[in-house]
Structure formats: structure tokens, C-alpha cells
Amino acid sequence: MPVILSPRALHRLESRHPWIYKSDIASLPDEVGIFPLYAAKDRNQNVLGYAAVNPKSEISVRMLSYGPEAFQLENLLDAVDAALAYRESLAIEADSYRLIHAEADNLPALIVDRYSDYLVMQSGSAALESVLEMIITRLVEKLKPKGILARFEGQNRKLEGLSQHKNVLYGSVPEQIECYEADLSYVVNPYEGQKTGSFLDQRLNRERLGRLSWGRALDLFSYHGAFGLHMAKKAGEVVCVDGSARALEQAQINMSLNHFDHISYHCDNAFDYLRSISHERCFDTISLDPPAFAKRQKDLDNAFSAYKELNLQAMKCLQTGGILATSSCSFHVSFDDFMLMLQDAAADAQRSIRVLGRYGQAPDHPEKLGFPESSYLKCVFLQALD
Ligand code: SAH
């Protein structure tokens, strides 16, 4: 059976959203693969484009190309080359960054992150599983990595009916990789770390905050202390708070690696920690980088309450002239709503606060127009005026 799209799907296709849901598809083949797409009731049978198709997944169609021209597997290799050339052109001041950002690099559901001489991959399209070998060969040819690790885990693969595994695909990959970001060193565990090992999307925001830091600094939801390290360059004292003791152990290793001795670590719930600070205006620089509170649309109300509570308390803790870099990585929270929440928090904290900058993901994590899911990170730099 060919892939035949309903009128609603055509609208999505025209808006260049790269996913089409099963409910908007009139007919689907029985097996996974790369197939041409047709519109329902089109007597001329014009090919609208080609897609990676999985009849079992709710996201049944992942667009690969538009128009009638036949899709060649070689196109995927061209996309890999283009992705690498773009990262090269960014002249990134780090040896760890995203090389392939899925749909925004025309490689659906494929993530490739570089950590020094090693690559870590995530993949979540059943139809593209069979072409991964070819892509890996290209990556090896071009980048000559010492090893490639597959982190083929998580909900996205389950939804595609794909197996869960974590294995070395090429060479060998150590449990600890030492990397650098600007003038700082840090260690990543690619097997166990969150995402592919680290939060590469915040790289430029960390560097920005590093430049503006002063006085007594707080890194809330610190994970491996990456914001804290950048703040430590200028701040006299840094306090890192995270709920995970393991994450903080790694953060301490990172502190030693950079020969800092003015960072302290507290394993605590960030909400409790903020409430426990008895005196107001006790920090001069704060990073607030919580996990995604709104993983689904229906979490939004609770998520906003949580963001507001954290930001309100953080604003109360801020010294006059102090800087707060506040983030949200929930795609469902729009930039506008995030700004409104901050405005509310500032009003409740009875502080006058100015906005120094509104930022998103670093450019090695590009966003694709028409694909709002590819723009998820918000990081707003605030300064207390009174
Ligand atoms: N700022 C980090 C990334 C933070 S990821 C960086 O730039 O690398 C989010 C972190 O929040 C995780 O380390 C997780 O352990 C921690 N966390 C989640 N819920 C928490 C809570 N309620 N209190 C404290 N830490 C929490």
C-alpha cells in the first residue's frame, strides 16, 4: 500500500513540519522503509516527497525530501557532510558539541554528539535503522574518531518499536572522556551521563554567564557543575546544588581538574534549598537550569507553578546588580509565556529587574522553521536594578 496523505497532512507538509501523524494518513504500507508520498484523491499521482515511514509509530512519516525527485540514500550522506561542514564553519571553542541535530540537519531522529575524539549517537527512526551503518562509515571516514558509542535507549525508540541497547559501534569508548569548553576542562561519562553525557545545548549560555559573574554565585540544578565552573572564573565563591549525589561527585572531579578550590557542593532539593536560605539578597550571580518540568502539554500548569516558585525565590536571593541566568528546556513552554512567568515572579518578589539577553540553544543545535519541537531551550539573562 502506498503512503496517502489526508488534507490535514498536506497542510502539515506545506508548512514544512517534518512529522506526519498516523491519524492524518489515509493509507500506509505494512512495513518500515523509505517511501514516496501521495495526496488522497490526486488522479495524477504526483509524488509530494519521500519519507522514512513506520506504520507502527504514531509519527508514521518523517520527511526526507520534498517534490517528485526520487530520494537516493546518497542524499543522507550529503546531509552528514553538510552537517559536519556547518559545525566546522562555527569554529567552536570546545571539543564537544553537537555534530548532527536530527531534523534540523535533514537527518530525522538522528543525534550525533562529539566528545573530544569520540562520538555518541542516538537514533529513533525504525526506517533509518538500516542506513546507520552507512552513516557511521561516513563519520569514521571524515572525522576519524577513536570510538563511536550508540546510546540507543529511551522512549522515542520504544515508540518506534526499536530495541534498547547501548554498545560500541566502532573502535573503543572509555567511561571517562576529558573534554574542554572555552578555557575549562570537564569529564563526561558517555555511557551513563544524561542525554549523550552532557548538556551541550547550554554551552554559549554558560560562557556568557561566566563573563558576567561576580561575588557569591549559585549554580542551581548544577548536574556536573558546568555553569558553576564558568562562574568560578570570576566569582569569589560558588555554591552548586543538585539532587543527585552522583552528579555532584562528578562536579567535584571537574572542579579539581580546573584547579578551583572555591566551589562547594550541596546535595539537596533545589526548592527546599531556596526556601532554607534565611537571608535575602545573599547571591550576586545565579544560574537556574532545572530539568524539563513540562514534558507533556498537560503538565503545563504544574510546570509554570514550579518555574514561578523557583524564579521568585531566586529573585529574592539576588543582590542589587546581581545576575540571574534562568533557563527552561521544556518545548511546551513558549518564550512568551516564560517571559510572562518571569514578569510575574519579579512582581511578587517586589524587584525591578531588567533583561540583559534572551538566548536559546547554541548554534550547533539549530532550530528548523516550521518545526517548533526543534526550538526548546530558553535562557534569559536578568539583572536586579534595586
Ligand atoms: N545546568 C546543567 C544541567 C542541569 S540538568 C548543565 O549545564 O550541565 C538538571 C539537573 O537537575 C540534574 O542534574 C538533576 O539531578 C537535577 N534535579 C532534578 N530535579 C531536582 C530537584 N528537585 N532539586 C535539585 N536538583 C534536581
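The values are calculated or read from the model by the stated rules, or taken from the named source; none is laboratory data. Everything numeric in this text was worked out from a predicted model, so none of it was measured. All Cβ positions, even for glycine, are placed from backbone atoms using ideal geometry, and neighbour counts span all protein chains on display.
Tabulated results
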{"quantity": "Conditions (1) at pLDDT 95 or above; (2) loosely packed, with under 15 Cβ neighbours inside 10 Å; (3) closer than 28 Å to HIS11 by Cβ; number of the one not met by LEU90", "calculated": "(3)"}
{"quantity": "Of all residues in the stretch 271-289 being near the ligand (Cβ under 8 Å from one of its atoms) and under 23 Å from GLY321 (Cα atoms), the one that is surrounded by the most Cβ atoms within 10 Å (Cβ to Cβ)", "calculated": "SER287"}
{"quantity": "Residues of the stretch 210-222 classified as in contact with a helix residue (DSSP H, G or I) (Cβ under 6 Å, 6 or more places away or on another chain) and outside any helix (DSSP H, G or I), total", "calculated": "6"}
{"quantity": "Unmet requirement for MET1, which otherwise passes all of (1) without any contact (Cβ under 8 Å) to a residue 40 or more places away in the chain; (2) surrounded by 13 or more Cβ atoms within 10 Å (Cβ to Cβ); (3) within 14 Å of VAL61 (Cβ to Cβ)", "calculated": "(2)"}
{"quantity": "Odd one out for ASP219 among (1) of a type in the set (D, E, K, R); (2) crowded, with 19+ Cβ neighbours inside 10 Å; (3) more than 12 Å from the ligand (Cβ to nearest atom)", "calculated": "(3)"}
{"quantity": "Every residue from the stretch 339-386 that is more than 27 Å from ILE20 (Cβ to Cβ) and assigned to a helix (DSSP H, G or I)", "calculated": "MET339, LEU340, MET341, LEU342, GLN343, ASP344, ALA345, ALA346, ALA347, ASP348, ALA349"}
{"quantity": "Residues satisfying the stated conditions in the stretch 27-47, i.e. at pLDDT 95 or above, surrounded by fewer than 22 Cβ atoms within 10 Å (Cβ to Cβ) and aliphatic (A, V, I, L, M)", "calculated": "LEU28, ILE34, ALA39, VAL47"}
{"quantity": "Residue among LEU274, LEU312, LEU257, LEU288 that alone is within 20 Å of the chain's Cα centre (by Cα) and of a type in the set (A, V, I, L, M, F, W, C)", "calculated": "LEU288"}
{"quantity": "Qualifying positions in the stretch 351-376 - under 24 Å from ASP284 (Cα atoms) and under 11 Å from the mean Cα position of the chain (by Cα)", "calculated": "GLY360"}
{"quantity": "Some residue of the stretch 306-320 being surrounded by fewer than 18 Cβ atoms within 10 Å (Cβ to Cβ) and among the aromatic types (Phe, Trp, Tyr)", "calculated": "no"}
{"quantity": "Pick from the stretch 334-359, criterion small (Gly, Ala, Ser) and either touching a residue at least 60 places away in the same chain (Cβ under 8 Å) or surrounded by fewer than 14 Cβ atoms within 10 Å (Cβ to Cβ) (or both), ranking: farthest from ARG206 (Cα to Cα)", "calculated": "ALA347"}
{"quantity": "Given (1) within 10 Å of the ligand (Cβ to nearest atom); (2) β-branched (Val, Ile, Thr); (3) buried (at least 24 other Cβ atoms within 10 Å of the Cβ), index of the condition VAL241 fails", "calculated": "(3)"}
{"quantity": "Counted residues, the stretch 93-109 - those being under 13 Å from the mean Cα position of the chain (by Cα) and free of Cβ contacts under 8 Å to residues at least 40 places away in the same chain", "calculated": "1"}
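Yes/no per residue for (1) near the ligand (Cβ under 9 Å from one of its atoms); (2) in a helix (DSSP H, G or I); (3) among the hydrophobic types (A, V, I, L, M, F, W, C):
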site	(1), (2), (3)
CYS179	no, no, yes
VAL187	no, no, yes
GLN194	yes, no, no
GLY197	no, no, no
ASN205	yes, yes, no
ARG208	no, yes, no
